[in-house]
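The values are calculated or read from the model by the stated rules, or taken from the named source; none is laboratory data. Here the structure is a predicted model, which is why all the values come from computation and not from measurement. With ideal geometry, Cβ positions are generated from the backbone for all residues, glycine too; neighbour counts draw on all protein chains shown. Surface areas here come from the heavy atoms of the whole protein model, side chains and all, with no ligands, DNA or RNA. Shrake-Rupley method; radii C 1.70, N 1.55, O 1.52, S 1.80 Å.
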Amino acid sequence: MSNAGRAAIVTGAARGIGAAVARRLADDGFAVAVLDLDEASCEPIVEQIAAAGGRAMAGAVDVSDEDSVATAVEQVAERIGAPVVLVNNAGITRDNLLFKMSTADWDAVMGVHLRGSFLMSRATQQFMTQAGWGRIVNLSSTSALGNRGQANYAAAKAGLQGFTKTLAIELGKFGVTVNAIAPGFIETDMTRATAERIGIAFEDMLRMAAAEIPVARVGQPEDIAAAVSFFCREDAGFVSGQVLYVAGGPKA
Ligand code: NAP
């Protein structure tokens, strides 16, 4: 079956990696729901997809909020069809060393990455199991291996790997694969904000990061979109429960 009759949801898709994933899945033939906290900020991505001949809709969702998730998923199903692809991409950072990390910053990061991926996956799995086909891709990170100043984020991203493997076991018999991508350094607003927080110019940070990466460059959102595209392919149906590090080399 081609992807033409299939709908995909990408969360946090107004910019960065999520926007590139939305564009790529539309190129692959999926009708794409571009979801983010602010619906208006998704419109430019929807317009880009339409201009390229694809089909997309914009929608608002706070992935950490159960009611918001239920409403958003319902709207997607009504407007572009049963969502059988879910990319749990929405993310935030609230970095600090452990002794300075507030409980609110811990909870916020867990709320978006872990609770958010759980709520979105639970709300969409019914469409996938009914269709007997589905693809869930979770965004982990090389930070799952440990990263100074990111106890909350690293714990959430490592948690997503266990979540991925468990959903793969539960949903496999319904034709649903579940995989995770763990990006290394990708040039987005998230990494730009990190440079600002630690007080160095973003260009300097990009140069320093590239010097440590075997392929001698930082990653671009399209590098991650290409990996998501692979996991969502028809012929990737025997690949499930995997964590793919997309980091320009073997080490974080
Ligand atoms: P980004 O540019 O900061 O984009 C993240 C998007 O998620 C934003 O549009 C943001 O909306 C949205 N978002 C935040 N909280 C949300 C919520 N509760 N519900 C719905 N949407 C929400 O980040 P990115 O760099 O593209 O990262 C995308 C994913 O890849 C994240 O999961 C991140 O942890 C992961 N990742 C990134 C890198 C990297 O180097 N960039 C590396 C490894 C993993 P607002 O703009 O309104 O806040």
(request) Starting from the amide H of VAL176, placed 1.01 Å from N in the peptide plane, find each other amide H under 5 Å away whose residue is 5 or more places distant or on another chain. (result) GLY134
(message) When 1/r is averaged over all different Cα pairs and the result inverted, which Kirkwood radius in Å belongs to the chain?
(response) 18.1 Å
(message) Could you work out [θ]222 nm for the chain from helices alone, using -39500 (n - 2.57) per DSSP H run of at least four and dividing by all its residues? Round to the nearest 500 deg cm²/dmol.
(response) -14000 deg cm²/dmol
(request) For the chain, report the accessible area per residue in Å² (1.4 Å probe, heavy atoms, rounded to an integer). (result) 46 Å²
(request) Find the centroid of the Cα atoms in the range 118-141 and in the range 145-214, then give the distance between the two in whole Å. (result) 20 Å
(request) Taking amide H positions as placed in the peptide plane 1.01 Å from N, state which residues far from ARG55 in sequence (5 or more) or on other chains have amide H under 5 Å from it. (result) VAL32
(message) With a cap of 13 neighbouring Cβ atoms within 10 Å, and only residues DSSP puts in a loop, list the trypsin sites (Lys or Arg not before Pro) found in the range 116-215.
(response) ARG148
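Using heavy-atom solvent-accessible surface (probe 1.4 Å) with all chains present, what is the largest-first order of THR103, THR124, THR191? Please list the in-between numbers first.
Details: THR103 100, THR124 0, THR191 25 Å².
Correct descending sequence by accessible area is THR103, THR191, THR124.
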(request) Name the residues whose placed amide hydrogens come within less than 5 Å of the amide hydrogen of ALA182, ignoring near sequence neighbours (fewer than 5 apart) on the same chain. (result) SER140, LEU244, TYR245, VAL246
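If R₀ is 22 angstrom, what is the calculated FRET efficiency for the pair LEU97 and MET208, using the beta carbon separation as r and rounding to 0.05?
On the way: r = 20 Å, r/R0 = 0.93.
After rounding, the FRET efficiency stands at 0.60.
How much FRET efficiency would the formula 1/(1 + (r/R0)^6) give for ALA216 and ALA104, where r is the Cβ-Cβ distance and R0 is 35 Å, rounded to 0.05? List each step's numbers first, then the result.
Numbers: r = 39 Å, r/R0 = 1.11.
After rounding, the FRET efficiency stands at 0.35.
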(request) Sequence neighbours fewer than 8 away in the same chain don't count; with that in mind, list the lysines whose C-alpha is under 17 Å from LYS173. (result) LYS165
(message) Using a Cα-Cα cut-off of under 18 Å, which lysines could be cross-linked to LYS251, ignoring same-chain neighbours fewer than 8 residues away?
(response) LYS157
(request) Please check which bits of the range 125-155 a label hung off ARG233 would reach, taking the label as a point 7 Å along Cα-to-C-beta and the cut-off as backbone N under 15 Å. (result) none
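Carbon and sulfur: what percent of the chain's accessible surface (1.4 Å probe)? Please report the intermediate quantities before stating the final value.
Numbers: 6130 of 11550 Å².
Of all accessible area on the chain, carbon and sulfur atoms account for 53 percent.
At R0 = 30 Å, how high is the FRET efficiency between GLU43 and LEU145 if r is their beta carbon distance? Nearest 0.05 is fine.
On the way: r = 37 Å, r/R0 = 1.22.
Efficiency computed from Cβ-Cβ geometry: 0.25.
Can you list the DSSP H helices in the chain whose Cα atoms extend at least 18 Å along the helix axis and whose mean Kyte-Doolittle hydropathy is -1.0 or higher? Provide the component values of the computation, followed by the final result.
On the way: long enough: 66-80 (21 Å, -0.07); 116-131 (23 Å, -0.10); 151-171 (29 Å, 0.37).
Span-like helices, by this rule, are 66-80, 116-131, 151-171.
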(message) 7 Å from Cα along Cα→Cβ at both ALA4 and ARG197: what's the point-to-point distance in nm?
(response) 4.6 nm
